[in-house]
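Okay, so here's the structure we're looking at.
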Amino acid sequence: MEMEPLNRVDNPEEFFIFNPATGEEVGKYKLMNRQDVDSAVARSRETFSNWSETTLEERQAILGRAASVLSEDSERYADIISRETGKTRLDAMLADIFSFLDLLKYYKKNAKKFLKPVKVKGNLLLPGRKSYYMFEPKGVVGIIAPWNYPFTLMAGPAVSAITAGNTVVLKPSSQTTASGLIFKEIMEKAGLPEGVINVVTGNGKTTGQALLEADGLDMLFFTGSTAVGKTVNRLAAERMIPVIMELGGKDVAIVTKNANLDRAAHGVVWGGITNSGQTCIGTELVLVDRSVYDALVKKVVTLVDSLKSGSRAGEIGSMTMRPQLRIVEDQVKDAVDKGAKVLTGGISNPEQKGMYYPPTVIVDTRPDMKVRTEETFGPLIPIIPYDTIEEAVRIANNSNYGLSGAVFTRDMVAGRAIAKRLKTGSVNINDVLITYAVPDLPFGGVKQSGVGSYHGKSGIRAFTNIKSITEFKWDFKKEIYWYPIPGMGEPELREKILAAAFRVIFSGNLFKKLSASSRLVWESWKIRRKRHRGF
Ligand code: NAD
């Protein structure tokens, strides 16, 4: 839900960005048009031939240096992220910077191992060959990013793409343009040649659309809402451009009767409220066994009541986008109008400047309320009792989304069984959000929450084309099945031999295998005898 950036009256090709927490102006950028975007893609294409020829050692060394540049100046970078999102500096350091530093370290250590050619077993009927597959960069990758974790959600896929040998064109959300620019700055300070990363600045309607329609893109990586994702997917499909789509979610946490209720309460409050609830894998519904419902609600409300909105470490930062704040207000109103009860929060503090919305706990909701069906993306915790695990799983899976989820229980066997039944891309047991922070775990959603995944071994390979190779080194004139096929005078005999060979090799029936073996010997002997006799 991108807000149209404010254009300058005297120069419509520029737009201003304001700090959502204070209202002060924090940036002025060029609203790039089709021509600017085409030049960025062309520049990426030009740079690709040199960059794709660099060795993995060279690329890995850059990742290591980038980790140094970022870690040595992390407070300044966190400050820039904080000013354009309204999140606290601590939140920017924890979620945006730390997770990316960890990913840099991970690919620095593992990229070569993940991208080296993979040798495989050959075909039994084709002896003498060496078979393997290798990973080649796709070319120019377009990366379109959202504003909620603007640094890590752009830098993560971009670094995966670059390490695999691609060049990238980045389109940050207009609200968080600076996060895209600091990523480029960090990578170039670390020695990345200019032109490997090209940032296009502007909104979705003009700049994003131009990127989708630009000639010369080999792949698109999109993170954002499901609604825009569908447009991106459609346009890419028309041009057969492969995509990875990381989209919206409506994540559920299930709290069973034997859960550690203190941990569950702290977990769902963190999962629902961190980053002011603007987290794709944030907890949006809490389902609690009826026997512990009252106890959990009490703990959650007490904890939420102890939290404060503000810009200092540990406080809940402001929301980032006015339209998103309106969605939260609208969902709360819709729920209350239909009979739900707000236990704490629910009304913004008129004294507080900025787009702050108080952490809010809501109960007595019904399935027809927006808060139950639509993505909220704000600091709201609806809590719902359930009577059986069946019912909890059914409510959780009754959604168009399938991003992530959580289960709180002391019974790990039951926890694993529930995790298995949730139709999502990831599940945390006795935890929230952290699958994203484990660089070895592929991250992605199912249903309308996404297509494909990144992170981990498969995540870097996702930015490559796989090329299969066979090598034959024996100095033979031809293969037995190439023309002219020997024994063409006796084609039926050849077919019989082949049919017997299939049975010997592939049949699961021992008796048929044995009888086919003796047939094979017999038919081969017949051919040899004919040859020997000269007919
Ligand atoms: P959004 O879809 O409004 O915008 C995302 C990006 O797409 C922005 O850069 C925007 O400028 C661009 N864009 C908008 N219209 C475009 C168009 N027609 N053509 C090309 N580009 C266009 O999403 P948002 O409001 O920035 O982010 C919030 C959404 O993102 C939420 O739904 C959230 O769940 C989702 N999200 C998903 C993940 C994930 O990993 N699954 C992570 C973060 C956010």
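The values are calculated or read from the model by the stated rules, or taken from the named source; none is laboratory data. Since we're looking at a predicted model, the values are computed, not measured. Neighbour counts are summed over all protein chains in view; Cβ atoms, including those assigned to glycine, are modelled from backbone coordinates with ideal geometry. Keep in mind that these areas ignore ligands, DNA and RNA; they rest on the heavy atoms of the full protein, side chains included. Shrake-Rupley method; radii C 1.70, N 1.55, O 1.52, S 1.80 Å.
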Q.
List the strands (runs of 3 or more DSSP E) inside the range 111-162, counting only whole elements, that have at least 2 residues being more than 16 Å from the ligand (Cβ to nearest atom).
A. 118-120, 129-137
Q | Residue satisfying condition, being among the hydroxyl-bearing types (Ser, Thr, Tyr), at pLDDT 95 or above and open to solvent by 50 Å² or more (accessible area, probe 1.4 Å), within set 291, 225 | A | 291
Q | Residues of the range 220-270 that turn out to be assigned by TED's automatic domain parsing to the domain that holds residue 400 and polar (S, T, N, Q), as a count | A | 3
Q. Of the residues that make up the range 277-285, is at least one at positive phi and modelled with pLDDT of 95 or more?
A. yes
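Taking the range 395-423 as the search range and keeping residues that are within 11 Å of the ligand (Cβ to nearest atom) and in contact with a helix residue (DSSP H, G or I) (Cβ under 9 Å, 6 or more places away or on another chain), which one is farthest from residue 101 (Cα to Cα)?
My answer is 401.
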Q. Of the residues that sit in the range 173-209 and are within 15 Å of residue 66 (Cβ to Cβ) and of a type in the set (Lys, Arg), which one is nearest to the ligand (Cβ to nearest atom)?
A. 184
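What residue, among those in the range 402-460 that are assigned to a helix (DSSP H, G or I) and among the β-branched types (Val, Ile, Thr), is farthest from residue 138 (Cα to Cα)? Let's see the steps before the verdict.
Step one: list which residues in the range 402-460 are assigned to a helix (DSSP H, G or I), which gives 412-421, 434-437, 456-460.
Okay, now just the ones that are also among the β-branched types (Val, Ile, Thr), so 413, 418, 434-435, 460.
Details: 413: 42, 418: 38, 434: 30, 435: 27, 460: 11 Å.
Only one residue tops the list, namely 413.
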**Q.** residue 170, sole failed condition from (1) within 10 Å of the ligand (Cβ to nearest atom); (2) open to solvent by 20 Å² or more (accessible area, probe 1.4 Å)
**A.** (2)
(Q) Here is a check on your reading of the model: is residue 438 modelled with pLDDT of 95 or more, in contact with an Asp or Glu (Cβ under 9 Å, 6 or more places away or on another chain) and surrounded by fewer than 22 Cβ atoms within 10 Å (Cβ to Cβ)? (A) yes
Q: Tell me which residues, restricted to the range 282-332, are polar (S, T, N, Q) and within 27 Å of residue 354 (Cβ to Cβ).
A: 283, 302, 306, 309, 311, 318, 320, 324, 331
Q) Mind checking which residues of the range 202-222 are β-branched (Val, Ile, Thr) and buried (at least 23 other Cβ atoms within 10 Å of the Cβ)? A) 207
Q: Check the range 466-484 and report whether any residue there is part of a helix (DSSP H, G or I) and on the phi < 0 side of the Ramachandran plot.
A: no
